[in-house]
Amino acid sequence: AGFDILGPSDMMDGRIGYIREELDVEGFSDIGIMAYTAKYASAFYGPFRDALDSAPVDGEDIPANKKTYQMDPANKREALTEADLDSDDGADFLMVKPSLNYLDSFHLLKENSELPIAAYHVSGECAMLIAACQIGWWKYEEAMPETLLSIRRAGADAILTYFAKDYARLLKA
C-alpha cells in the first residue's frame, strides 16, 4: 500500500515478529516496524477518544477499561521487558506513548537499546498546552518547542506529534 513504516498499536505479544516475518516473506524487508513498546494506560488519550467516539464501553468484545491491556504507569521496568521482546521480534523502532509523563522511560530505553526510540506526543498532552496558551498562561511559540525539546532531550530520536506542522512552520520562519 506504500507504507514506509508500520506501527501496530494493539501491543499483542508476538505481533511484531509475525508482521516482520510476513513482510520479509512477501519481499518487503525494507518496510520498518515501529513497536508500541510502552503504551501506558493514561488519561491523556481523552481528546482522541472523544473525537472518534471511541471511549471504552462495556460489552463482550470491548473491555470496559482499556487499561487491561495497556501498561501500568507505575511499572517502569516493564518497558525494558517489552523492548527486549520487540527487538527480538524484529522491530526497527521502539515507541513510548504518551510522552511527557514518561520521559524517564525514554531515557531508560535509550540507555538500554540500540534501536531508535520514538515518542508519541498524544492529543491530551497537546490539548493541555493549547488550553494553557489560550488563557494566556504560556506563549505557544515558546511552550510548544520547549515541550518537544524535553521529549528529545529525554532520549526520543523521533517524535510523533499534533504539533508537527506548527513546529515546521516555526523552524522555517
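Summary table
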read-out: Cα-based Lys proximity count in segment 77-173, under 21 Å, for pairs eight or more positions apart or on separate chains; value: 4
read-out: Rounded to whole Hz, the Karplus (6.51, -1.76, 1.60) HN-Hα couplings of segment 128-133, x for glycine and proline; value: 4, 5, 4, 4, 5, 6
read-out: Difference of contour (0.36 nm per residue) and Cα-Cα distance, residue 133 to residue 76; value: 17.4 nm
read-out: Whole-Hz couplings from phi, Karplus 6.51/-1.76/1.60, listed for segment 99-112; x for Gly and Pro; value: 9, 4, 7, 10, 4, 5, 5, 4, 4, 4, 5, 4, 6, 10
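All of the numbers you see were taken from the coordinates with simple rules; none came from a lab. Since the model is a prediction, treat every value here as computed from it, not as a measurement.
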